Every structure is written in structure tokens, then in C-alpha cells.
Amino acid sequence: MKRYLVGLSSHVLLMTASVIVLYPVLWVVRIALSRTGLESTSFSPFPSEVTFENFEQMLSFSVRTGEWLFGKQIFNSLVVAGMTTLVAIVVSCTAAYGFARFRFPGKQMGLMALMVTQIFPGVVMMTPLYILLDSLHLVNSHVGLVLVYSSTAIPFCTWMLKGYFDSLPKDIEEAAMMDGASQWFIFVRLVLPLARPAIAVT
């Protein structure tokens, strides 16, 4: 009986927590599937009348020049996200491999500096980043956005990939060096193929 009560109470607690977490999501879905201003005072997470008018307006809306606004926004998001991913992965792979395999002055301090950059919220860096982009004439451009997003993505990606590079055995690289392979050849032909799962996750 005690075990049954413990199980029942834990299930009730979990179901209550699930309802609390899912309610805002259902509220957003209800607003999206309802007409504008409909049931604004209702606490029910389900719409009384389902309509797709909001989606039709969003997908068909065009600016004064006749340009499809939603398509432009999707295109900009894909371009910026793709370029940011490419830049972050390329820079982070080389940086993480350097931190994982080489000894140099300031190594630990550099790793700590990368971690410290993750502490500051984006709002704190907004003004200095804007000033930098304005001085470089990159405001309102894809390149400026990519640089801003990469500045926060590279430290995170470097830490992620460094942990994986640390787990790779050094014996393979030492054997390749004995066969006359250069450090760049080892990195490109041996390490990166082995790190494909980590790169994909990152």
C-alpha cells in the first residue's frame, strides 16, 4: 500500500508539472489557430473555433515593393545560420585541436577566457558589438550578423570539440608521425574523420 501511494503521488506530481509546462505551449497554439482577438479572456488552452487565417495572412503577406516578406525572412535565417555554423565549426575545430594536443604558454588562461565569454548575457555585449559593426560598416548586413553569432558560438563549440579530441587516442597520431605524416595531414585525414560525430552534434 505504501509503495502504491508513493507511485500514485509521484505520478500526480509529474502530471501536474507536465500540465504547468505544456500550458503556455498550448496557449500559443490556441492563439495561432484562433481569429485575432477571439477568446482573449478564456483560460482554456484549446480554441473553440479552429481557423488557419493567421497562417494564410503570414504566408501571403508582401511588402510595398511586392517582395514576399516571410520568404525573405526564411532565406535570411537560413543564410545567417548556415554561414555561422560553417565559420564556428571551421574555427572551433582548429582551436579545439590546438588546445587538446599542444602545450603552449597561456593555454589554461585561454580556455578560461573562452569560458568566461559564455557568462556575459547578450544584452551586455549589444552596445559594444553595435559600435564595432558600425565602425566596420557591417550594420544591417549578413556578414555582421554572422560575426556577432560566431563570436558567441565559437567558445561553446571549442569546448565541445576539445572534450572529444581529448578522448581520441594519441597513438594513432604518433604512428602517423613515425610514418612521416605532417601535422596538417594528421589533423585533416585522421582526426577530423574520427571526430565527425562530435562535429555533427556541435
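Just to be sure before I move on: is Phe99 at pLDDT 90 or above, in contact with a Gly (Cβ under 9 Å, 6 or more places away or on another chain), over 19 Å from Met83 (Cα atoms) and open to solvent by less than 80 Å² (accessible area, probe 1.4 Å) in the structure I sent? Against the criterion (at pLDDT 90 or above, in contact with a Gly (Cβ under 9 Å, 6 or more places away or on another chain), over 19 Å from Met83 (Cα atoms) and open to solvent by less than 80 Å² (accessible area, probe 1.4 Å)), Phe99 qualifies.
Evaluating Ile119 against the criteria (1) within 18 Å of Leu161 (Cβ to Cβ); (2) among the β-branched types (Val, Ile, Thr); (3) assigned to a loop (DSSP other than H, G, I, E, B) leaves one unmet condition, (1). When Phe55, Phe75 are screened for being over 30 Å from Ser150 (Cα atoms), open to solvent by 70 Å² or more (accessible area, probe 1.4 Å), out of contact with any Pro (no Cβ under 7 Å at 6 or more places or on another chain) and not hydroxyl-bearing (Ser, Thr, Tyr), only Phe55 passes.
One line per residue, one yes/no per condition, for (1) under 16 Å from the mean Cα position of the chain (by Cα); (2) modelled with pLDDT of 95 or more; (3) under 30 Å from Arg189 (Cβ atoms):
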| position | (1), (2), (3) |
| --- | --- |
| Leu78 | yes, yes, no |
| Ala95 | no, no, yes |
| Gly106 | no, no, yes |
| Leu114 | no, no, yes |
| Pro121 | yes, no, no |
| Tyr130 | no, no, no |
| His137 | no, no, no |
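Restricting the first member to segment 151-171 and to residues that are modelled with pLDDT of 90 or more and of a type outside the set (Lys, Arg), and the second to residues that are open to solvent by 70 Å² or more (accessible area, probe 1.4 Å) and outside any helix (DSSP H, G or I), the beta-carbon pairs closer than 9 Å and six or more apart or on different chains are Pro155/Gln118; Phe156/Gln118; Trp159/Gln118. When the residues of segment 138-151 are filtered to those that are in a helix (DSSP H, G or I) and out of contact with any helix residue (DSSP H, G or I) (no Cβ under 7 Å at 6 or more places or on another chain), the one that is least open to solvent (accessible area, probe 1.4 Å) is Ser151.
What is the residue count in segment 175-188 for residues that are of a type in the set (D, E, K, R) and touching a helix residue (DSSP H, G or I) at 6+ places or on another chain (Cβ under 8 Å)?
Start the filter on segment 175-188 by keeping residues that are of a type in the set (D, E, K, R), which leaves 179.
Right, trim to touching a helix residue (DSSP H, G or I) at 6+ places or on another chain (Cβ under 8 Å) and you get none.
So the count comes out to 0.
Which members of segment 165-179 meet the condition of being within 29 Å of the chain's Cα centre (by Cα) and not in a helix (DSSP H, G or I)?
So the first thing to find is which residues in segment 165-179 are within 29 Å of the chain's Cα centre (by Cα), and the list is 165-169.
Scanning segment 165-179 gives Leu168, Pro169.
The values are calculated or read from the model by the stated rules, or taken from the named source; none is laboratory data. Treat the numbers as computed from the prediction; the structure is a model and nothing was measured. Cβ: placed from backbone, ideal geometry, glycine included. Neighbour counts: every protein chain shown. These area figures cover heavy atoms from the full protein model, side chains too; ligands, DNA and RNA do not enter into them. Shrake-Rupley method; radii C 1.70, N 1.55, O 1.52, S 1.80 Å.
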